[in-house]
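Just so it is clear, none of the values below were taken in a lab; they were calculated from the coordinates. These figures come from a predicted structure and were not determined experimentally. In this analysis, Cβ positions are derived from the backbone assuming ideal geometry, glycine residues included, and neighbour counts consider all displayed protein chains.
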Amino acid sequence: MNDTTIEVRAFGDILGISVRARVAVLSRELTRIFEGKVQNGPFTTMRLPEDSSWGIGDVAPKLLGCYELELHASIERAIARCPEVVINVGCAEGYYAVGLARRLPQAKVYAFDIDAKAQAVCRAAGELNGVGDRLEVRGACSADDLVKLTRGVRHALVIIDCEGAELQLLTAESVRLLAHCDIVVETHDFIDRSITLTLAKVLAAQHETVQLREGARDPAGYPVLRQLGSLDRSLVTCEFRPEMMSWLVGSARDVATQSAP
């Protein structure tokens, strides 16, 4: 390691600290303006918890409604199919678990996260949004859990974001037993380069499967941001991903779209 490498790393660390501090300030201001409520997307009017379970919690993109924009159409289609059970693995603050509980008032929602703080914040978010009675928060999730919790129901929805453990959850055998479930999984190829390719083959055996890739955001598309500088507008719509990410969406075959309550 030479001196130049040390200087570059040190500058990167300083820049990262400065960015996080600025995003925290902007997120607090957006929280004040929007009174903590999501403004657009499938979970419009959902109230975000005050606390985050990791980092800065992507509060600003969630409030603006552009968080994981790539999934919005798939989430709406899944909601229209009226799942009786929803499972969210890697629930963090409960954005999906609580948001789906609000959109699907007849569904039972299970939220899993190995982090104790995430579990606590997710429970608080459920209470804040009036869905705590239908939200069950647990710790680690296994493939057996997915199968057992969806057994005997007509249709279920499984959303997975668990930092590489998706390979252990979505095995050929578990996916065969989840054929009646819609499955949305974020694939973390920066942890294991085989994940997307492996899971695409596994899901395609039972589900109509598509791959979605991370796309661009339009910071200029939000009127509330127009008085911010270009850098600030970009920061509040950024999800700070380690590389271009992708998702696999597996739709259960022979499940009719219905009208959600």
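Using the C-alpha atoms of segment 3-252, what convex hull volume per residue, in cubic angstrom, is computed?
On the way: hull volume 32.3 nm³, N = 250.
Once divided by residue count, the hull of segment 3-252 is 129 Å³.
Could you compute the net charge surrounding Gly130? Neighbours are other residues with a C-beta less than 14 Å from the C-beta of Gly130; K and R count +1, D and E count -1.
Values: positive: Lys37, Arg47, Arg102, Arg103, Arg123, Arg134; negative: Glu127, Asp133.
Charge balance in the 14 Å sphere: +4.
Return a single number: how many Lys pairs in the chain, at a sequence separation of 8 or more or on separate chains, have alpha-carbon atoms below 25 angstrom apart. Close lysine pairs under the 25 Å cut-off: 8.
The Cα trace of segment 103-248 gives Rg and Dmax of 17.8, 53 Å, the first to one decimal, the second as a whole number.
Can you give the local net charge around Tyr95? Use residues other than it whose beta-carbon is closer than 9 angstrom to its beta-carbon, Lys and Arg +1, Asp and Glu -1. Kindly include the intermediate steps, with their values, before the conclusion.
Working: positive: Lys62; negative: Asp58, Glu68, Glu93.
That sum, taken over residues with Cβ under 9 Å, equals -2.
Here each label is just a point 7 Å from Cα along the line to Cβ, and for Arg22 and Glu76 those points are 3.3 nm apart. Which whole-number percentage describes the relative contact order of segment 54-187, with Cα contacts under 8 Å and a sequence gap of 6 or more? Averaging sequence separation for qualifying contacts and normalising by length gives 24 percent for segment 54-187.
Placing unit charges on each Cβ (+1 for Lys and Arg, -1 for Asp and Glu) gives the chain a dipole about its Cα centre, and among Leu30, Val236, Cys82 the Cα reaching farthest toward its positive end belongs to Cys82.
The smallest convex shape that holds all Cα atoms of segment 19-110, its convex hull, gives 92 Å³ per residue. By other beta-carbon atoms within 10 Å, ranking Lys62, Lys108 with the fewest at the front produces Lys108, Lys62. Distance between the modelled labels on Val147 and Thr45, one decimal in nanometres: 4.1 nm (7 Å Cα→Cβ projection). Looking only at Asp182, Asp161, Asp133, which one moves most when the chain is put into a Gaussian network model with springs between Cα atoms under 10 Å? Highest fluctuation of the listed residues: Asp133. Its Cα centre serving as origin, the chain has a Cβ charge dipole (Lys and Arg +1, Asp and Glu -1) of approximately 740 debye. Dipole magnitude for segment 116-171: computed about the Cα centre from +1 point charges on Lys and Arg Cβ and -1 point charges on Asp and Glu Cβ, it is near 200 debye.
Note on the chain: dipole from Cβ charges, positive end direction compared against Ser194, Val158, Leu100; the farthest Cα belongs to Leu100. Using bins of 5 Å that start at zero, the share of Cα-Cα pairs per bin across segment 73-159 amounts to 3, 16, 29, 24, 19, 7, 1, in whole %.
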